[in-house]
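The next block holds one structure in the form of structure tokens; read it before the comments.
The values are calculated or read from the model by the stated rules, or taken from the named source; none is laboratory data. Note that the coordinates shown come from a computational prediction; the quantities given were computed from them, not determined experimentally. FYI the Cβ positions are ideal-geometry reconstructions off the backbone, even for glycines, and counts take in every protein chain you see.
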Amino acid sequence: MHTPIHRRPATRPPSPGVVMTTDELIPAKATAPHKRGLMLLLLVANSALMAVYLGVGTVLLPAQIAEIDPANKVAVLGVVAGVSAVFATAFNPIAGALSDRTGRRNPWTLGGAIASLAGLAFLSSVHTALLVGIGWCLVQATMNVYQAAVTAVVPDRIPAARRGTASALVGLALPIGGTAGVVIASQTSGQPRLGYLILGGVAAGAALLLTVCCPDVPRTAPAASVPMPRRERIAAFLSALSHHDFRWAFIGRALMVLGYFSVTGYQLYILDDHITLPADLDAPAAMAVLTPVAMVAMAVSTVLGGLLSDRWNRRKVFVAVSAALTGVVMAVPVISPTWTGMLVFSALNGLAFGCFMAVDTAVVTLVLPRAEDAARDMGVLNIANAGPQIVAPFVASAVVSALDGYTPLFLFGGALSLLGALAILPIRSVR
């Protein structure tokens, strides 16, 4: 969950992860004038994506697993979430490469969304942990086909002068779509099949709207490059990590993402088992309140953090303070495992994480080793986004199971965030 960076699809956050596209690999003549309303349609399409990811991933899926196997729900969710994240990460670059090769985006957008609707329908009808895992892997794979194609529309169709506006709109998809998805899932938690189908229909409807209103434009395929041995390709891809400042930025991002997603992935169970909720509020309904609180705070801090860091020409202080704040607020539900404590935690955590992701992205762009390798090196950074999201469910499940509770999980996430704050300090080339 971070501010998207528009480059050629490479790997994924994300989320599942956020697709990246490479302007440099798409000839300038391939970028067509965008139609009126295209950026609004992109906001709708990306919001639908986030609605599925958050609505299913944080409410419907954990609730379904808890009903199937309440005694082992933490471990089962960890395995399902972790394995499905591998599918998401793998299918994103594959789908991006295939859509590049065909020169078309709309068939992949619409096909991915319709396949996801079918996957969600399957997921809604199964009653074993194994089939739930298979179903969520299918949904993750197909939604990443959709995601890869939708994200590539920006460098294809949006002029360079308007990429900043496009990036801001796409960034708003997280609070808008995430909130809508969690509200839909929470309101249909008593009828999960309906919730799955509604979210699948939202994605399919957004894909249909985008493809009908914005037909594909002809694109020129990138020129073939000279083949390199695999070992040399890997070494070249990872060479940015030998650069001092980039390496520390990579470490800081990875620690923050791992700490954040280790906790948020288990929020429904935290509300159910750790937090004392009001008598008239169950865990899904509580999620429907907490998610908008966190997302609004994240949207505000994303905008303010970016603007103020530009105005004051200071980046490290924003990144370090927001990372440290993320670590500190993890103690709130430990000290006060109450509904009020969770409201405070959600607001402060959203503020801190939103500011971190916005300004840290600017820091990374300023510590890239070589301008001509910017696209490749930002792809390396995406490992720090996608990798921890794959690992987080397994790690969180192990912490909760081994240490018997969610208090150690909050402390673990807080410690990782504080280490992420410290990792920013050795960066020398950014103020």
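Does the stretch 341-350 include one or more residues that are of a type outside the set (D, E), without any contact (Cβ under 8 Å) to a residue 12 or more places away in the chain, in the same structural domain as D272 (by TED's automatic domain parsing) and assigned to a helix (DSSP H, G or I)?
The answer is no, given that none of the residues of the stretch 341-350 is of a type outside the set (D, E), without any contact (Cβ under 8 Å) to a residue 12 or more places away in the chain, in the same structural domain as D272 (by TED's automatic domain parsing) and assigned to a helix (DSSP H, G or I).
List the helices (runs of 4 or more DSSP H) inside the stretch 55-146, counting only whole elements, that have at least 3 residues being under 19 Å from L194 (Cβ atoms) and either outside the structural domain of A203 (by TED's automatic domain parsing) or not hydroxyl-bearing (S, T, Y) (or both).
61-68, 106-125
For the stretch 57-96, how many residues are of a type in the set (A, V, I, L, M) and under 20 Å from the mean Cα position of the chain (by Cα)?
Total satisfying the criteria: 14.
If you check G190, G164, which single one turns out to be at pLDDT below 95, assigned by TED's automatic domain parsing to the domain that holds G103, over 21 Å from the mean Cα position of the chain (by Cα) and surrounded by fewer than 20 Cβ atoms within 10 Å (Cβ to Cβ)?
Being at pLDDT below 95, assigned by TED's automatic domain parsing to the domain that holds G103, over 21 Å from the mean Cα position of the chain (by Cα) and surrounded by fewer than 20 Cβ atoms within 10 Å (Cβ to Cβ) holds for just one of G190, G164, which is G190.
Being touching a Ser or Thr at 6+ places or on another chain (Cβ under 6 Å), in the same structural domain as A421 (by TED's automatic domain parsing) and among the small types (G, A, S), is that true of even one residue in the stretch 292-307?
Yes: one or more hits.
What are the residues in the stretch 349-366 that are aliphatic (A, V, I, L, M) and modelled with pLDDT of 80 or more, if any?
L351, A352, M357, V359, V363
Can you list residue pairs whose Cβ atoms sit under 8 Å apart, with the first residue in the stretch 410-431 being on the phi < 0 side of the Ramachandran plot and the second being in a loop (DSSP other than H, G, I, E, B) and surrounded by fewer than 21 Cβ atoms within 10 Å (Cβ to Cβ)? Count only pairs 6 or more apart in sequence or on different chains.
F410/A331; L411/A331; G414/A331; R431/N313; R431/R314
Restricting attention to the stretch 53-72, does a residue exist that is hydrophobic (A, V, I, L, M, F, W, C), more than 22 Å from A285 (Cα to Cα) and in contact with a Phe, Trp or Tyr (Cβ under 9 Å, 6 or more places away or on another chain)?
No, the conditions are met nowhere in the stretch 53-72.
Return yes when L42 is assigned by TED's automatic domain parsing to the domain that holds V126, crowded, with 22+ Cβ neighbours inside 10 Å and either in contact with a strand residue (DSSP E or B) (Cβ under 9 Å, 6 or more places away or on another chain) or within 21 Å of I158 (Cβ to Cβ) (or both) and no when it is not.
Answer is yes for this residue.
Output the number of the condition that S346 fails; it satisfies all remaining conditions of (1) modelled with pLDDT of 90 or more; (2) surrounded by fewer than 18 Cβ atoms within 10 Å (Cβ to Cβ).
Going through (1) modelled with pLDDT of 90 or more; (2) surrounded by fewer than 18 Cβ atoms within 10 Å (Cβ to Cβ) one by one, S346 breaks only (2).
Can you name the residue in the stretch 120-155 that is without any contact (Cβ under 8 Å) to a residue 40 or more places away in the chain and surrounded by fewer than 19 Cβ atoms within 10 Å (Cβ to Cβ) and, of all such residues, is nearest to A95 (Cα to Cα)?
I134
Return the pair list, or none, for Cβ contacts closer than 9 Å from residues in the stretch 97-119 that are surrounded by 22 or more Cβ atoms within 10 Å (Cβ to Cβ) to residues that are part of a helix (DSSP H, G or I) and aromatic (F, W, Y), at least 6 apart or on different chains.
Taking only residues 6 or more apart or on different chains, the pairs are S99/W108; W108/Y146; T109/Y146; G112/Y146; A113/Y146; S116/Y146; G119/W136.
Of all helices (runs of 4 or more DSSP H) completely enclosed by the stretch 199-282, which ones contain at least 1 residues that are more than 23 Å from the chain's Cα centre (by Cα) and modelled with pLDDT under 90?
Ranges flagged: 230-237, 244-264.
Among the residues of the stretch 188-197, how many are touching a helix residue (DSSP H, G or I) at 6+ places or on another chain (Cβ under 7 Å) and not aromatic (F, W, Y)?
6
Kindly indicate whether any position in the stretch 288-297 is of a type in the set (G, A, S), surrounded by fewer than 24 Cβ atoms within 10 Å (Cβ to Cβ) and assigned to a helix (DSSP H, G or I).
Yes, the stretch 288-297 has at least one match.
Tell me which residues, restricted to the stretch 321-340, are in a helix (DSSP H, G or I) and not hydrophobic (A, V, I, L, M, F, W, C).
Matches in the stretch 321-340: S322, T326, G327, P333, T340.
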